[in-house]
Structure formats: structure tokens, C-alpha cells
Amino acid sequence: MTDEAYGTRVTSYYLPGAEAAAQAALKYTVQALRIYSDHFGEYPFTDMRVAPAPISFRGMEYPQAILLGVETYTRFRDKLEMLAVHEMAHQWWYQIVHNDPVAEPWLDEALAEFSMRLYIESTRGEDDAQRLVVQRWQTPLNGLKAKQQDTAVDQPVPAFLNGTQYETIVYAKGALFYDTVRDTIGVRRFDRFLQNYARKYRWQIITSQQWLDALRDLPDPALMTLFEEWIQPPTPKVR
Ligand SMILES: [Zn+2]
């Protein structure tokens, strides 16, 4: 089935019996495409596809396509929306601005994850957005801190102890970092920062150093402190 958003044709595929879930996946994807275009800059393609795949309840991003675990169309239906809108954000943070996903996974994952806050804010309002921040990001991070497993966000995938630490640090703590940056500089400047970042590095494979250069364009000394406290690796990387 198809729909259209800002000149992009969005196609949602489904297996027999999963039409209602596919209709929902189409709706979430179209909404996300509109909301992210408004915040980050327009989606530059006329075609976008969303399809179920045998990856249980997980998602995976590809250029102009997202795969959603086939179980999110059935028994994990409650995960479908969040998964679809996280993967849709990768169209900007992974496809338009690309990075090494093993050496510096935080560059695309933290921002794709944070983008969900903008989606929830826009579709459901600030109370629900706050609930997302607390339940999805703050609570898992607090759990990790209680186990003394808190660490810096900008580290390669193999540096993490396990999948839980990787996801909690790179996704949840990374998203909380963006949330804190946004609180610090204000919503309008934050949107401008992301728009400039997307424009400046469009179609490039960037590094954390370039990300930092974009942050330095914002004349706010508090941001460097935030970066050092949350993101910067414990020992400087050899490049
Ligand atoms: Zn992701």
C-alpha cells in the first residue's frame, strides 16, 4: 500500500493477514517523514519503502528503505511505531550524513534515537515526550550507573561490555545528551544546528571531529563541557 508525503511516495509492504499493521507502519513512516523534514531539512528522494523482515522485533535502516522485524507486525505490535520512527530518522542520520557505524556508532544512533523525541512531541505533545525521555532513556541509564557501567558515548562497538551497555550508552545516553544540548541552547537554535549540520555534511562520511566542528559553530562554552562530560572517550583516539 502507498501514501505520499512532501512529494515522496511511501510504500508499505506486508504479508497476508498483516494489513492493519502495515497500514499503521505506513502512517508512522509518513508522519515521521513530514516531521523530520520540517526539523532537519527536506527528504531528498521521491521514493521510500518500509517492509517486514525476518529480524524478530528489531529494525534496520537502508538507503530509502527500512526493514522492521516481522514480529512487530504481530505479537510485538506495541514496538512498531517507535521502531519505524527510529529507523526513519536514519534517512537523515546515516544516509544523508553518513559515518562509520562500527568505529563511531554514536554519530548516527544517538541522533536517530533522539529524533524520536521530536516525533512524539509533534504527534502527542510534551507530556508524552517527557515520558519517552524518562522511560526509554533515563531509567535504563540510571540502571547502568547503579551497576558502575556508565561510560563515554563516543566509543567503537567492540569497546562495550555487552549489548545492553552498548544500547544504553550509545542510544539512550546519546539521546539524553542531545536533549540536554537542546535545553541548553533552546529549541530554535537547536533546530538550526541540526539543519546546518545536515547541510554542511550532506553526502559525506563524517567523523566525531567534524561533528565537534559543527558544535563549535555554536558560540556557547557550556556545550564543550557537556561534550567532554558525556561523549568524549576516556583516552583520546589515535586518528
Ligand atoms: Zn538505529
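Odds and ends about this structure:
- Taking amide H as placed 1.01 Å from N in the peptide plane, residue 62 has its amide H under 5 Å from the amide H of 67, each at least 5 places away in sequence or on another chain.
- Listed by Cβ neighbour count within 10 Å, with the fewest neighbours leading, 211, 203, 93 appear as 203, 211, 93.
- Percent of Cα pairs exceeding the 18 Å cut-off, where the set is the stretch 2-126: 48
- All-pairs Cα distance distribution in the stretch 110-215, expressed in whole percent, bin size 10 Å: 14, 42, 34, 10
- Within the chain, DSSP assigns beta bridges of which about 40% are antiparallel (rounded to the nearest 5).
- Among 173, 200, 147, sorting on how many other beta-carbon atoms sit within 10 Å of each Cβ, with the fewest leading, yields 147, 200, 173.
- Mean separation of Cα contacts under 8 Å, 6 or more apart, over the residue count of the chain: relative contact order %: 18
- Hits among lysines - C-alpha to C-alpha of residue 27 under 19 Å, sequence gap 8 or more where chains match: 79
- Listed peptides 159-170, 97-108 by packing density, highest first (mean Cβ within 10 Å): 97-108, 159-170
- Computed on the chain, the Cα convex hull volume stands at 124 Å³ per residue.
- For the stretch 2-91, DSSP calls about 45 percent of its internal beta bridges antiparallel.
Each reported figure results from applying straightforward, stated rules to the coordinates on display, with no laboratory input. Just so you know, these numbers come straight off a predicted model, no measurement behind them. Here Cβ is always computed from backbone atoms with ideal geometry, including for glycine, and neighbour counts include all displayed protein chains.
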